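Report on the following structure.
The values are calculated or read from the model by the stated rules, or taken from the named source; none is laboratory data. The model shown is predicted, which means the values in this text are computed figures rather than measured ones. Here Cβ is always computed from backbone atoms with ideal geometry, including for glycine, and neighbour counts include all displayed protein chains. When the accessible area is computed, the model is the full protein with side chains, heavy atoms only, and any ligands, DNA or RNA have been set aside. Shrake-Rupley method; radii C 1.70, N 1.55, O 1.52, S 1.80 Å.
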Amino acid sequence: MSVNVLVGIQWGDEGKGKIIDVLTSAAEMVVRFQGGNNAGHTVENGDEKHVLHLVPSGILRPGVPCVIGNGVVVDPIELKKEMELLRDRGVDISSIQVSSRCQLIMPWHKLLDAFNESSAAKKGKKIGTTLRGIGPAYTYKVARTGIRGGEILNKEAFKQRFMEQGEAYNKLYVPAGATELDLEAAWKDLEPALDFVKPYIRDTVVTINEAAQAGKKVLLEGAQGMFLDIDHGTYPFVTSSNTTTGGACTGTGLSPRAVTRVWGVIKAYTTRVGEGPFPTELFDDMGEHLRTKGGEFGATTGRPRRCGWFDAVACRYSCMVNGVDYLAVTKLDVLDGLDTVKMCVGYKINGEIVRDFPAEACSFSDLEPVYEDLPGWKESTENARSFEELPVNAQKYLERMAKEVNAKIGIISVGPKRDQTFALIPDCLG
Ligand code: IMP
């Protein structure tokens, strides 16, 4: 079998879309397993730039089946828009499959997301969500009241559930201050999207397992990143799904035994959007330099990303939880031209040096990163196409990174274009 999981090792935005796009040249199926249209995976194909939110990043490789797995929360209206946009740009969308077990994001989930955030903001406690209804959709799933993809197949029953749930929302949340939903208008908006998505609904647990058992190279595409994981992230400043390798199994219906390789996508420095702990965040000119040079603005919301040095403590912990075999290091070129590059190798908490990532968000208020200064490199890395072509200090930086996090480097990316990527191993999909 060849089942490869690809996950983000930091706070999302590591450049997963690009790495998946590169890996899909060999993949025979690409599957999203969690999250929803809170993700924004940017793929540059020649002069064209695509930002994918729900559709797996394999879609730009003709003929590769692209599956939205059962662990994903799907907004049918947004999925229709994204698929139509791709189709209008000449991309073949016929290979898309949507799990009958996925949860659907309904209009009240989006209103609830906004309501929860504005209520929390009044107490200074907002998460900074993407306002796409992700958290409330997963909340309904766990509460066993969610509507699933397969229900689209029976529109009459669907409409009844929609009206019942919408009324329940209006009764429960509007008196508390949430926006009232005009159910007839909302149904009118939703119905064409349901009709559009219907032909793509499949029992994807079966199609994914069949592909894996037939020896097809299957790639499971994670969204967000380790520290946004609902269990392992900087709770409560997290998303509502399991973004880690474990989530790849529950979100597809593949057994953990099927996974043959784990790729961890890791940016050469660190970024985060939204609120929450970020030990190596920079508030000075260097932070601004990384944001400007790295184009660090959210692909989904356009928000400026918070920027900081590479955090080896966090990434070592992340590689352990995810069982990372190989790292795909992105945006190395953004560090070009610096005299010194700092790497965080420990945390000082209440005067004590710590080498593990703290579980409690409150531990971060007294945390001071312990840095090591590494010599930078003046040469550009943008045209390097092998490890040996990189400046010596860039090589040393990468070697140090790999040693600190206990994983091997498999891919290096030195720019946004497809060809600005090179592999250090012969067969990436093991
Ligand atoms: P939600 O997923 O919209 O509920 O947002 C929860 C947190 O996860 C917020 O801090 C978001 O900024 C963050 N987040 C969600 N999706 C992404 C992503 O794709 N990249 C980076 N951060 C994300």
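Screening the candidates 293, 267, 188 for the property of being outside the structural domain of residue 362 (by TED's automatic domain parsing) and basic (Lys, Arg) yields one hit, 188. If you check 36, 58 for being under 29 Å from residue 4 (Cα atoms) and either at pLDDT 95 or above or open to solvent by 20 Å² or more (accessible area, probe 1.4 Å) (or both), only one passes: 36.
Considering the range 123-155, the residues that are basic (Lys, Arg) and in contact with a strand residue (DSSP E or B) (Cβ under 7 Å, 6 or more places away or on another chain) include one that is farthest from residue 69 (Cα to Cα), namely 141. Note on the range 136-153: residues that are within 13 Å of the ligand (Cβ to nearest atom) and surrounded by fewer than 23 Cβ atoms within 10 Å (Cβ to Cβ) amount to 1. So, in the range 105-118, of the ones that are more than 15 Å from the ligand (Cβ to nearest atom) and assigned to a helix (DSSP H, G or I), which residue ends up least open to solvent (accessible area, probe 1.4 Å)? Checking each candidate, the answer is 108. Would you point out the residue of the range 204-227, among those that are assigned to a helix (DSSP H, G or I) and of a type in the set (Val, Ile, Thr), that is farthest from the ligand (Cβ to nearest atom)? Per the stated criteria, the residue is 206. Kindly check whether there is at least one residue in the range 261-273 that is within 14 Å of the ligand (Cβ to nearest atom) and at pLDDT below 95. Checked the range 261-273: at least one residue is within 14 Å of the ligand (Cβ to nearest atom) and at pLDDT below 95.
Residue 324 fulfils the conditions (1) in contact (Cβ under 8 Å) with a residue 60 or more places away in the chain; (2) open to solvent by less than 50 Å² (accessible area, probe 1.4 Å); (3) in contact with a helix residue (DSSP H, G or I) (Cβ under 7 Å, 6 or more places away or on another chain) except for a single criterion, (3). You will find that of 424, 429, 398, the residue that is among the hydrophobic types (A, V, I, L, M, F, W, C), more than 22 Å from residue 226 (Cα to Cα) and surrounded by 15 or more Cβ atoms within 10 Å (Cβ to Cβ) is 424 and no other. Only residues that are under 16 Å from residue 203 (Cα atoms), without any contact (Cβ under 8 Å) to a residue 60 or more places away in the chain and either aliphatic (A, V, I, L, M) or part of a strand (DSSP E or B) (or both) were counted across the range 49-96, and they come to 1.
Every residue in the range 119-130 that is touching a residue at least 60 places away in the same chain (Cβ under 8 Å) and surrounded by fewer than 19 Cβ atoms within 10 Å (Cβ to Cβ), please. So that I can check it myself, show each step before the final result.
Of the residues in the range 119-130, the ones touching a residue at least 60 places away in the same chain (Cβ under 8 Å) are 126-130.
Passing the criteria: 126, 128.
What are the residues in the range 274-295 that are over 21 Å from residue 398 (Cα atoms) and either crowded, with 22+ Cβ neighbours inside 10 Å or within 13 Å of the ligand (Cβ to nearest atom) (or both), if any? Passing the criteria: 274, 275, 276, 277, 278.
From the list 167, 180, exactly one residue is touching a residue at least 12 places away in the same chain (Cβ under 8 Å) and open to solvent by 60 Å² or more (accessible area, probe 1.4 Å). Which is it? Exactly one residue qualifies, and that residue is 167. Just for the range 168-191: of the residues that are touching a helix residue (DSSP H, G or I) at 6+ places or on another chain (Cβ under 7 Å) and part of a helix (DSSP H, G or I), which one is farthest from residue 75 (Cα to Cα)? Out of the qualifying residues, it is 173.
Quick one: would you say residue 213 is open to solvent by 60 Å² or more (accessible area, probe 1.4 Å) and under 26 Å from residue 20 (Cα atoms)? So residue 213 fits the description; yes.
Quick check, is residue 304 away from the ligand (no atom under 16 Å from the Cβ) and farther than 28 Å from residue 260 by Cα?
Here the answer is no, as residue 304 does not meet what is asked.
Within the range 374-400, residues that are assigned by TED's automatic domain parsing to the domain that holds residue 329 have Cβ atoms under 9 Å from residues that are hydroxyl-bearing (Ser, Thr, Tyr) and assigned to a loop (DSSP other than H, G, I, E, B) in these pairs: 389/381; 390/381; 391/380; 391/381; 394/381, counting only partners at least 6 apart in sequence or on another chain. Filtered by the rule that a residue be among the hydroxyl-bearing types (Ser, Thr, Tyr) and within 16 Å of the ligand (Cβ to nearest atom), the range 1-45 gives a lone residue, 42. When 230, 201 are checked against the criterion of being within 26 Å of residue 107 (Cα to Cα), hydrophobic (A, V, I, L, M, F, W, C) and away from the ligand (no atom under 15 Å from the Cβ), 201 stands alone in meeting it.
Yes or no: the range 239-254 includes at least one residue that is in the same structural domain as residue 309 (by TED's automatic domain parsing), assigned to a strand (DSSP E or B) and either in contact (Cβ under 8 Å) with a residue 60 or more places away in the chain or open to solvent by less than 10 Å² (accessible area, probe 1.4 Å) (or both).
no
Exactly one residue out of 192, 175, 199 is in contact (Cβ under 8 Å) with a residue 24 or more places away in the chain, surrounded by fewer than 16 Cβ atoms within 10 Å (Cβ to Cβ) and not β-branched (Val, Ile, Thr): that is 192.
Only one entry of 95, 57, 99 meets the criterion of being out of contact with any Phe, Trp or Tyr (no Cβ under 9 Å at 6 or more places or on another chain) and under 18 Å from residue 429 (Cα atoms), and that entry is 57.
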